[in-house]
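**Q** Sharing a structure here in structure tokens format.
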Amino acid sequence: MKLLITGGAGFMGSNFIHHILEKYPDYSVINLDKLTYSGNLDNLKDLEGNSRYRFVEGDICDATLINSLTVDVDVIVNYAAETHVDRSILAPLDFVRTDVMGTQTLLEAVRKNKVKKMVQISTDEVFGSIEDGKFTEESPFEPNSPYAASKAGGDLLCRAYHVTYDVPVIVTHSCNFFGPYHYPEKFIPLAITNLLTGKKVPVYGDGNQVREWIYTKDHCSAVDATLHKGKIGEVYNISTEDERKNIDVIQLLLQILGKDESSIEYVTDRPGHDRRYAIDSSKLRNDLGWDPEYKFEDALVKTVTWFQNNESWWKKIIETTDYQAYFKKQYPTL
Ligand code: DAU
């Protein structure tokens, strides 16, 4: 199988490329990535010289490029996206461009070049916040951030292209993921790298917001299941159904790193902050036989260990990107 994996230099995309090349010796991968601030070829250094792997720098909104790359691929897995909620609050247009228009460009190429399948990687955030119970694949979209709204737009285009043009697409909605190569602006890697450098962890609002967390390897196996066994035109929720309050995640990290509560700083809440995400993943488990392998506590220890052993990877990011400047702009007092 020949796959075009978009956004493959990012956190999840690069983990998925490793997963595919390790698990399927006869598959080959083209990695298309625009190398925005979060795209990082250091994530794929070990693949340099691998004859089954090719990197192309480019944008999923570039129809000519996408058209030429999809002439003879079997499958597209679309990881390319602007993904950070806080950035979407500061600069929503980038999100609309990549997450909506970029997705449409890919769908158009699938249609034109008769690509056999496209898997759209999306988020539980399209459903919005839920006080009790869980969202299913049938729940209505009620996005609350520009990021979530842009992903919802891309997902709706997938649906429309399937219904109107019979384009073979599957959409996945995942809970929060974490693990190696996670860009250190997101909650868990930001907390780890702050604690490792003697800084405080900023906790938004009261810290009682609830998220479900999935280790990157489990997310890869879930996408693998949808790619190989998923039904065209279907939507699958991916989650561990293991809910954690943000503050409890930080308490665990403090424990793992031998720190105390003086390393926590409660800061102004994120505007429009979703209180709780919870999705039902029984369709994926029952229909495709998927189950997560990793327990949250064990995976968190593994992740901390990876950051401890790969200091040069994240120090380079912290020193050379706008991430610190961005953070200071949002929280000038920190
Ligand atoms: O739910 C899946 C989504 O999870 C993905 O689709 C998004 O791409 C991803 O960014 C993530 O969204 P969240 O907003 O939940 O993730 P984030 O890591 O930004 O924040 C997790 C929680 O931690 C959230 O309640 C906000 C809070 N938080 C975050 C940061 C960065 C803090 O309290 N302090 C922080 O410094």
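The values are calculated or read from the model by the stated rules, or taken from the named source; none is laboratory data. The structure presented is a predicted model; accordingly, all values stated were derived computationally and were not measured. Cβ sites come from the backbone with ideal geometry, for glycine too, and all protein chains shown count toward neighbours.
**Q** Looking at the range 21-60 only, could you name the residues that are hydroxyl-bearing (Ser, Thr, Tyr) and within 21 Å of residue 97 (Cβ to Cβ)?
**A** Just the residues of the range 21-60 that are hydroxyl-bearing (Ser, Thr, Tyr), to begin with: 24, 27-28, 36-38, 51, 53.
Across the range 21-60, the qualifying residues are 36, 37, 38.
**Q** Further, regarding this structure: Looking at the range 252-272 only, could you name the residues that are surrounded by 14 or more Cβ atoms within 10 Å (Cβ to Cβ) and either away from the ligand (no atom under 16 Å from the Cβ) or at pLDDT 95 or above (or both)?
**A** 252, 253, 254, 256, 257, 259, 263, 264 - these are the residues of the range 252-272 that are surrounded by 14 or more Cβ atoms within 10 Å (Cβ to Cβ) and either away from the ligand (no atom under 16 Å from the Cβ) or at pLDDT 95 or above (or both).
**Q** Take the range 116-166 and flag every residue that is in a helix (DSSP H, G or I), of a type in the set (Phe, Trp, Tyr) and crowded, with 17+ Cβ neighbours inside 10 Å.
**A** At the first step, the residues of the range 116-166 found to be in a helix (DSSP H, G or I) are 124-127, 146-165.
Of the ones still in play, those that are also of a type in the set (Phe, Trp, Tyr) are 127, 147, 161, 165.
Once the filter is applied, which keeps residues that are in a helix (DSSP H, G or I), of a type in the set (Phe, Trp, Tyr) and crowded, with 17+ Cβ neighbours inside 10 Å, the range 116-166 yields 127, 147, 161.
**Q** Inspect the range 193-206 for any residue being away from the ligand (no atom under 11 Å from the Cβ) and either surrounded by 22 or more Cβ atoms within 10 Å (Cβ to Cβ) or among the hydrophobic types (A, V, I, L, M, F, W, C) (or both) and give the result as yes or no.
**A** Checked the range 193-206: at least one residue is away from the ligand (no atom under 11 Å from the Cβ) and either surrounded by 22 or more Cβ atoms within 10 Å (Cβ to Cβ) or among the hydrophobic types (A, V, I, L, M, F, W, C) (or both).
**Q** Which of the residues spanning the range 227-238 are under 15 Å from residue 74 (Cβ atoms) and in contact (Cβ under 8 Å) with a residue 60 or more places away in the chain?
**A** Residues of the range 227-238 under 15 Å from residue 74 (Cβ atoms): 227-228, 230, 232.
Once the filter is applied, which keeps residues that are under 15 Å from residue 74 (Cβ atoms) and in contact (Cβ under 8 Å) with a residue 60 or more places away in the chain, the range 227-238 yields 227, 230, 232.
**Q** Tally up the residues in the range 1-45 that are without any contact (Cβ under 8 Å) to a residue 40 or more places away in the chain, surrounded by fewer than 19 Cβ atoms within 10 Å (Cβ to Cβ) and assigned to a helix (DSSP H, G or I), please.
**A** Residues flagged as without any contact (Cβ under 8 Å) to a residue 40 or more places away in the chain, surrounded by fewer than 19 Cβ atoms within 10 Å (Cβ to Cβ) and assigned to a helix (DSSP H, G or I) within the range 1-45 amount to 3.
**Q** Do any residues in the range 157-177 that are away from the ligand (no atom under 16 Å from the Cβ) and of a type in the set (Ser, Thr, Tyr) have Cβ atoms under 8 Å from those of residues that are assigned to a strand (DSSP E or B) and modelled with pLDDT of 95 or more, where the two are at least six apart or on different chains, and which pairs are they?
**A** 161/169
**Q** Go through the range 68-94 and give me each residue that's out of contact with any helix residue (DSSP H, G or I) (no Cβ under 6 Å at 6 or more places or on another chain) and in a helix (DSSP H, G or I).
**A** 68, 69, 86, 87, 89, 90, 93, 94
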